Amino acid sequence: MTAMALAQAVFRPEFIWDNRHIFVGGVKWTLVISLVSFVLAAVLGLVVALLRMSPSPIIGPIVAAYINLFRAIPLLVFVLFVYYGIAIQFNLTITAIQAGILTLTVQYSAWLGEIFRSGIQAVPDGQRQAALSVGMGRAQAFFRVTLPQAARIVIPPTGNMFIGMIKDSSLVYLIGVEELLRVSYVLANRTFRYFEVYMATVLVYLILTTGVYFLVKYIERRFALVDLLVSKTRSPFARRKAARLRRLQESLSGGGSAPSGPSV
Amino acid sequence: MTAAAAAPGNGDLVLRLRGIHKSFGTNHVLRGIDLSVGQGQHVVIFGPSGSGKSTLLRTANLLEQPDSGSVWFDGKEYGPGIPGAGGEDPPRGKPRDLRQQVGMVFQQFNLFPHITALENVALALRRVKGAKRAEAELEAASYLDQVGLLDKIGAYPSQLSGGQQQRVAIARSLVMEPKIMMFDEPTSALDPELVGEVLGVMRTLAESGMTMVVVTHEMGFAREAGDVNIFMDEGVIVEQGGREIYSHAREPRTQAFLDAIL
């Protein structure tokens, strides 16, 4: 007991480095679960958003009920209910990872569905009308004109949802998925080095979420709309596009002596 | 040379509206509109706000489905038809077929903000007419050249002035080679110093013989280009005539409106 207390008192950061393989293994599952759940939730969320806007007097309210139901249940309760409740009651063979991904996907599809719907509805109706007026069909108008604009609008809130997903994925530790919190919990209980272990856990989550934050900022900047012929374009894609535009200008202004924008 | 070069009256009908009615809720916006537009004619529609001018254009290209009435365009009937005339009515065309041949310029430009000026103009060529990217972009650039914006083909709409945006919007419609161009108050959202460049493009277009229907408050343009001039109020056509309407209106309501704005 005294030895343990002494060991506890001395801060030993190298303990984390010695056990880094355990954390790496946990991060791997945290990322897999977060990414898979998020991609599935985004696809399902887009379907939810589209059905929610359906003019049908049946489909719209049903989807609204789906959204309200899954937003209302605490995630932790939902995870336990699915894995221990439903799976046992109906004798389903479902792994903890599958159950975790299922619950995260369903719950996040409700949140993302509402974000996507508000993004789509934020695009002015004049955009759809202009697309129709040049002869595009309804589906073309939606996928070529409305949706790309909605996508830009929802980048920041969707990025926040992904940060939330990384954090919420820790809740599946309760059903035994070997993700970051679970491996930390087991390691800390085995070695009693609670401070070192949980401080490392905090730092790793911080690194993951901050990384996503900067990734979202980068995507936002990447999608910024700048004049291709005036701005200093950095991406190879934008540079190739700018070169194509210059060739077009030269071919039309005849003679190729046309003054083009400042070269990159 | 402006109007003379594109004198109307060769009789070939391009567009004909018959008995168009449209309500929004309890608001009866169009109350039976009949209008014929001949090849090469320039029709100017003016009137107070809320008189149904914009709605008339939007029903004519079927962005709004009329409650009743018929839109005849280039040999085909569109719209719900006229009550009681069901049997004799020819088959109804699809709104999309009509819109591919009717250009529309909006008051708020409605350019697609997420793509460049060039892509705005090329989009329908590629997605509707199925042109290859290189062909579509060359075609689009030549139309942007025509409206004086060759140097702006790589700009996004947010980097363009209102006048430039509206010229891109005109090019976006023209590139589809429409049989008729409709303008819904094309200069109303512009700063005064930018009105001229848009009207300049419209004048050139009128001189080239394009069939046009223009809702506008620009009486200078109307007097100069309007072969058929229509005063609308409260959902009906009050008066229709040649250029003399601006100096000698028959209807007191027309005269009162003109007195108020001139």
- Message: Under the rule a/c < 1.5 gives rounded, and otherwise a/b versus b/c splits prolate from oblate, where does chain B land using the Cα gyration tensor?
- Response: oblate
- Using alpha-carbon coordinates, inclination of helix B:133-146 to the longest axis of chain B, degrees: 70 degrees
- Task: Could you state the angle between the C-alpha long axis of helix B:252-261 and the longest principal axis of the C-alpha atoms of chain B, as a value from 0 to 90 degrees rounded to the nearest 10?
- Result: 30 degrees
- Cα-Cα pairs above 20 Å in region A:14-216: how many percent? 63 percent
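Run lengths n ≥ 4 of DSSP H only: what is the helix-derived mean residue ellipticity at 222 nm for chain B, with -39500 (n - 2.57) per run over all residues, to the nearest 500?
Values: 9 runs with 88 residues, N = 262.
Computed ellipticity for chain B at 222 nm equals -10000 deg cm²/dmol.
What does the charge count around A:Leu51 come to, taking other residues whose C-beta lies under 14 Å from its C-beta (Lys +1, Arg +1, Asp -1, Glu -1)? Provide the component values of the computation, followed by the final result.
Working: positive: A:Arg52, A:Arg117; negative: A:Glu114.
Result for the neighbourhood of A:Leu51: +1.
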- Among residues other than B:Ala136 whose Cβ falls under 11 Å from its Cβ, what is the net charge (Lys/Arg +1, Asp/Glu -1)? +1
- Query: Given 5 Å bins starting at zero, what is the percent of C-alpha pairs of region A:66-156 in each, up to the one with the largest pair distance?
  - Reply: 3, 13, 17, 13, 12, 10, 9, 9, 7, 4, 2, 0
- Message: Modelling each spin label as a point 7 Å along the Cα-to-Cβ direction, I'd like the B:Asp74/A:Leu92 distance in nm, to one decimal.
- Response: 5.5 nm
- Item | 5 angstrom amide H check on B:Val29, placed H, neighbours 5+ away | B:Lys22, B:Ser23, B:Phe24
- Using a simple spin-label model with points 7 Å from Cα along the Cα→Cβ vector, what separation in nm is obtained for B:Val236 and B:Glu251? 0.8 nm
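As a quick test, which of the pairs B:Lys22/B:Lys152; A:Lys241/B:Lys94; B:Lys94/B:Lys132 have an alpha carbon distance above 32 angstrom in this structure? Before the final figure, lay out each step's value.
Details: B:Lys22/B:Lys152 40 Å; A:Lys241/B:Lys94 36 Å; B:Lys94/B:Lys132 25 Å.
Pairs exceeding the cut-off: B:Lys22/B:Lys152; A:Lys241/B:Lys94.
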- Item | For the protein assembly as shown, size of Cβ-based charge dipole, Lys and Arg +1, Asp and Glu -1, in debye | 2020 debye
- Task: Just name one of B:Gly130, B:Gly162, B:Gln146: the one whose Cα is farthest towards the positive end of the charge dipole of region B:129-262 (beta-carbon charges, Lys/Arg +1, Asp/Glu -1).
- Result: B:Gly130
- Amide proton proximity set for B:Met104, modelled H, under 5 Å, gap of 5+: B:Met182
- Message: Rounding to the nearest 10 and keeping the result within 0 to 90°, find how far the Cα-based axis of helix B:162-174 lies from the longest principal axis of chain B.
- Response: 80 degrees
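Quick one: net charge around B:Gly52, please, counting Lys, Arg +1 and Asp, Glu -1 for every other residue with C-beta under 9 Å from its C-beta.
So the environment of B:Gly52 carries a net charge of +1.
How many partner chain Cβ atoms sit within 10 Å of a residue's Cβ in peptide A:180-193, on average, as a whole number?
Across the residues of A:180-193, the mean count of other-chain Cβ atoms within 10 Å is 0.
For an R0 of 45 angstrom, estimate the FRET efficiency from the Cβ-Cβ distance between B:Leu13 and A:Ala224 and round to the nearest 0.05. Walk me through the intermediate numbers first.
Details: r = 49 Å, r/R0 = 1.08.
Result of the calculation: an efficiency of 0.40.
Per residue and in Å³, how big is the convex hull formed by the alpha-carbon atoms of the protein assembly as shown?
On the way: hull volume 119.1 nm³, N = 526.
Per-residue hull volume (Cα only) is 226 Å³.
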- Antiparallel DSSP bridges in the protein assembly as shown: what percent, to the nearest 5? 60 percent
- Which of A:Ala151, A:Ala41, A:Ala238 moves most in a GNM of chain A, Cα contacts under 10 Å? A:Ala238
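None of the figures in this text is laboratory data; all of them are computed from the coordinates on show. Small disclaimer: the values here were computed from a predicted structure and weren't measured. Counting neighbours? That spans all protein chains shown, and the Cβs are built from the backbone with ideal geometry, glycine included.
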